[in-house]
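Working notes, structure below.
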Amino acid sequence: NGGGQDAKNLRVKLVLLGDSGVGKSCIVLRFVRGQFDPTSKVTVGASFLSQTIALQDSTTVKFEIWDTAGQERYAALAPLYYRGAAVAVIVYDITSPESFSKAQYWVKELQKHGSPDIVMALVGNKADLHEKREVAVQDGMDYSEKNGMFFIETSAKTADNINELFEEIAKRLPRPPI
Ligand code: GDP
Ligand code: MG
């Protein structure tokens with residue numbers, strides 16, 4: 001097949017959504033390059049990275065990751081960005097209740113306009129800032145459970161749960177028939 005897609009090797013488009021500043025770009029850079037740069041500026045210009053992971057059952061998943069260049073500020077552009085996405089990673093910052101509300105807005109938007117079989121993950125990032133926490137773990141868990149999503153708290157800074165996030169997504173992807 002022309003899509004580079006078979007039962008053992010999946011290739012999927014993954015988009016990140018969430019307020020500006022919640023750490024979307026840092027999560028991607030941590031996952032793809034193993035780095036965290038605290039001085040990095042807000043993403044300017046489109047960014048596209050890919051990373052392949054191998055699962056225990058010897059299948060591989062290649063994530064084609066679309067990181068917004070600030071399109072999160074322009075709701076009207078969002079459909080162009082998440083069109084055809086098999087995975088949406090919706091990120092908030094555990095120190096920001098506003099960003100948690102915005103994450104819920106994105107979940108509703110994708111439920112209405114995303115692909116029907118899209119895999120959605122809700123991510124509470126900056127978990128290292130526990131002394132500044134303003135969104136309880138339980139709130140993230142409750143919301144994701146109600147909406148049939150996978151939930152995890154991460155830190156792009158310490159790398160906590162970053163690989164786990166992508167591994168869990170990979171396991172939840174619908175498999176093409178063999
Ligand atoms: P984006 O706008 O969602 O892409 O956010 P960025 O990835 O550009 O990150 C915004 C800011 O949050 C930057 O100053 C990062 O250094 C910081 N940041 C990102 N992830 C973390 C994290 O896990 N912990 C902490 N403490 N800071 C983070
Ligand atoms: Mg960014």
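Applying the criterion of being touching a residue at least 40 places away in the same chain (Cβ under 8 Å) and farther than 14 Å from R172 by Cα to the residues of the stretch 114-130, the residue that is surrounded by the fewest Cβ atoms within 10 Å (Cβ to Cβ) is K126. A single member of S99, S50, S58 is closer than 25 Å to E167 by Cα, among the small types (G, A, S) and at pLDDT below 90, and it is S58.
The values are calculated or read from the model by the stated rules, or taken from the named source; none is laboratory data. Only a predicted model underlies this, so the values are computations on that prediction, with no experimental measurement involved. All Cβ positions, glycine included, derive from the backbone under ideal geometry; neighbour counts span all protein chains shown.
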